[in-house]
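The values are calculated or read from the model by the stated rules, or taken from the named source; none is laboratory data. The structure presented is a predicted model; accordingly, all values stated were derived computationally and were not measured. Cβ: placed from backbone, ideal geometry, glycine included. Neighbour counts: every protein chain shown.
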Ligand code: MN
């Protein structure tokens, strides 16, 4: 494993998903910061924190949901440049549009393999 020097903020409330996505990202050389709800996600990008290079955002999370977290990050000039990849199990018509309307830059529908998630992260960071 070669360190990429890149950090991913993984926002996901499902412990199993969090573990497999995080494991695959770490295995692929990424540093991973985990958040299991909206408040933790917002705390992870607070002004006293180094910003991640990319955010994987489960939209269905407790508390402040992923759509609202995304809207807040995209409304703030400091956090706006960080690409956000929506992760959603909904995969219904209009779901991708809702994610993009909230400000998500990319969209992945679950179920998705951890390998595919890493591929997408690499592509978005211009590493593939
Ligand atoms: Mn969820």
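Some points to look at:
- Taken together, the residues in segment 12-44 that are within 16 Å of the ligand (Cβ to nearest atom), touching a helix residue (DSSP H, G or I) at 6+ places or on another chain (Cβ under 8 Å) and touching a residue at least 60 places away in the same chain (Cβ under 8 Å) amount to 3.
- Considering residues of segment 74-99 that are out of contact with any strand residue (DSSP E or B) (no Cβ under 7 Å at 6 or more places or on another chain) and at pLDDT 95 or above only, the residue nearest to residue 2 (Cα to Cα): 81
- Residue within segment 45-52 that is closer than 23 Å to residue 96 by Cβ, crowded, with 19+ Cβ neighbours inside 10 Å and more than 12 Å from the ligand (Cβ to nearest atom) present: yes
Residue-by-condition table, conditions (1) within 15 Å of residue 121 (Cα to Cα); (2) assigned to a loop (DSSP other than H, G, I, E, B); (3) over 14 Å from the mean Cα position of the chain (by Cα):
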| site | (1), (2), (3) |
| --- | --- |
| 4 | yes, yes, yes |
| 8 | yes, no, no |
| 13 | no, yes, no |
| 16 | no, no, yes |
| 23 | yes, no, yes |
| 26 | yes, no, yes |
| 33 | yes, no, no |
| 42 | no, no, no |
| 47 | no, yes, yes |
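- Within segment 53-84, the set of residues being within 16 Å of the ligand (Cβ to nearest atom), buried (at least 22 other Cβ atoms within 10 Å of the Cβ) and not in a loop (DSSP other than H, G, I, E, B) comprises 55, 56, 57, 58, 66, 69, 70, 84.
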